[in-house]
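Everything below concerns the one structure shown next.
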Amino acid sequence: MLSGQDLGLDYRTGTSVAHAVDTVSLSVDQGSFVGLIGPSGSGKSSLMYLLSGLKRPTRGTVAFNGQDYRQISTPGLMQLRRQRFGFVFQQHFLINYLTSLENVMVGAIKRNHEVVAYAQELLRRVGLGDKLRQRPYQLSIGERQRVAVARALVHRPAIVFADEPTASLDQATGREVIDLLVDYRRRSGGSVVVVTHDPAMLTGADRVLQMRDGRLS
Ligand SMILES: Nc1ncnc2c1ncn2[C@@H]1O[C@H](COP(=O)(O)OP(=O)(O)OP(=O)(O)O)[C@@H](O)[C@H]1O
Ligand SMILES: [Mg+2]
């Protein structure tokens, strides 16, 4: 469904060049849970940016459902991300003056009664059915991250990219967040790509990729 071929990403600062991603090929099958693990600076986030079209590679190609990103304009890639992908980051990036429900609706493509009902259902599923009207500052850090997960799922993405979604949480709360993503995969057939430092978050993954110095090992 998603494939990267011979991917490279260089960052140039002054005269030096960092090879953040160096000749990486991989594919993410439909409905799979793929983990990406590796030391700090090994290129995990960079690889995820390439796969999700947030950055264009210096070398190599990425394709989603057979469509090569090189053939898609930058606004087109933005639209692809918004419609087909979901994102969860270490920080929740919720909007402080919006309620939980309104924050989830930020991820929605359409706004109608059905979508609102689905947003409410997602919040119930993540255990926040009684906190639909709270604002982020009235929630715990783990609860905020669960709102962020619901926001990432409300448009039923084909792939959820999660970059260290559990890094600000204790291990038990972190695992609950991962389980929400795994549950989404089971219900919807979507894929989940999780970047983490903690192997305990990848129990049950179909594949665990190890990254080191920009390469998969
Ligand atoms: N904007 C940038 N400009 C220059 N170099 C960068 C930039 N972003 C990342 N890098 C470099 O690219 C390499 C890979 O960074 P990346 O953020 O992908 O690593 P990571 O595996 O996600 O690390 P972490 O676990 O700390 O998040 C690092 O050496 C980093 O210093
Ligand atoms: Mg990173």
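The values are calculated or read from the model by the stated rules, or taken from the named source; none is laboratory data. Worth saying up front: this structure is predicted, and the values here are computed from it rather than measured. A quick note on method: Cβ atoms are made from the backbone with ideal geometry, for glycine too, and the neighbour counts reach across all protein chains shown. Side chains are part of the model used for accessible areas, which takes the heavy atoms of the whole protein and leaves out ligands, DNA and RNA. Shrake-Rupley method; radii C 1.70, N 1.55, O 1.52, S 1.80 Å.
Selection within segment 97-127: residues that are assigned to a loop (DSSP other than H, G, I, E, B) and within 21 Å of the chain's Cα centre (by Cα). The member of this set that is surrounded by the fewest Cβ atoms within 10 Å (Cβ to Cβ) is LYS110. Within this structure, LEU47 passes the test of being within 16 Å of ligand 2 (Cβ to nearest atom), out of contact with any Pro (no Cβ under 8 Å at 6 or more places or on another chain) and modelled with pLDDT of 95 or more.
In segment 75-88, is there at least one residue being under 17 Å from the mean Cα position of the chain (by Cα) and in a loop (DSSP other than H, G, I, E, B)? The answer is no, given that none of the residues of segment 75-88 is under 17 Å from the mean Cα position of the chain (by Cα) and in a loop (DSSP other than H, G, I, E, B). Within segment 5-59, restricting attention to residues that are more than 14 Å from ligand 1 (Cβ to nearest atom) and open to solvent by less than 50 Å² (accessible area, probe 1.4 Å), the residue that is nearest to ALA158 (Cα to Cα) is GLY31. Scanning segment 176-190 for residues that are surrounded by fewer than 20 Cβ atoms within 10 Å (Cβ to Cβ) and either aliphatic (A, V, I, L, M) or touching a Leu at 6+ places or on another chain (Cβ under 9 Å) (or both) yields GLU176, VAL182, SER188. Does LEU77 qualify as being within 16 Å of ligand 2 (Cβ to nearest atom) and either under 30 Å from THR23 (Cβ atoms) or in contact with a helix residue (DSSP H, G or I) (Cβ under 6 Å, 6 or more places away or on another chain) (or both)? Spelling it out, it is not the case that LEU77 is within 16 Å of ligand 2 (Cβ to nearest atom) and either under 30 Å from THR23 (Cβ atoms) or in contact with a helix residue (DSSP H, G or I) (Cβ under 6 Å, 6 or more places away or on another chain) (or both).
Results for (1) more than 25 Å from GLU121 (Cα to Cα); (2) in contact (Cβ under 8 Å) with a residue 12 or more places away in the chain; (3) assigned to a loop (DSSP other than H, G, I, E, B), shown as yes or no for each residue.
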residue: PRO157; (1), (2), (3): no, yes, yes
residue: VAL160; (1), (2), (3): no, yes, no
residue: THR166; (1), (2), (3): no, yes, yes
residue: ARG175; (1), (2), (3): no, yes, no
residue: ILE178; (1), (2), (3): no, yes, no
residue: VAL192; (1), (2), (3): no, yes, no
residue: ALA200; (1), (2), (3): yes, yes, no
residue: LEU209; (1), (2), (3): yes, yes, no
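Using the structure shown, decide if VAL62 is closer than 24 Å to ARG185 by Cα and within 16 Å of ligand 1 (Cβ to nearest atom). Judged against the criteria, VAL62 is a match. Just to be sure, is ASP183 touching a helix residue (DSSP H, G or I) at 6+ places or on another chain (Cβ under 9 Å) and in a helix (DSSP H, G or I)? In short, yes. In segment 159-178 there is at least one residue matching the filter, namely being of a type outside the set (A, V, I, L, M), modelled with pLDDT of 95 or more and in contact with a Lys or Arg (Cβ under 8 Å, 6 or more places away or on another chain). Yes or no: segment 90-105 includes at least one residue that is within 16 Å of ligand 1 (Cβ to nearest atom), small (Gly, Ala, Ser) and more than 20 Å from GLY189 (Cβ to Cβ). No, segment 90-105 contains no residue that is within 16 Å of ligand 1 (Cβ to nearest atom), small (Gly, Ala, Ser) and more than 20 Å from GLY189 (Cβ to Cβ).
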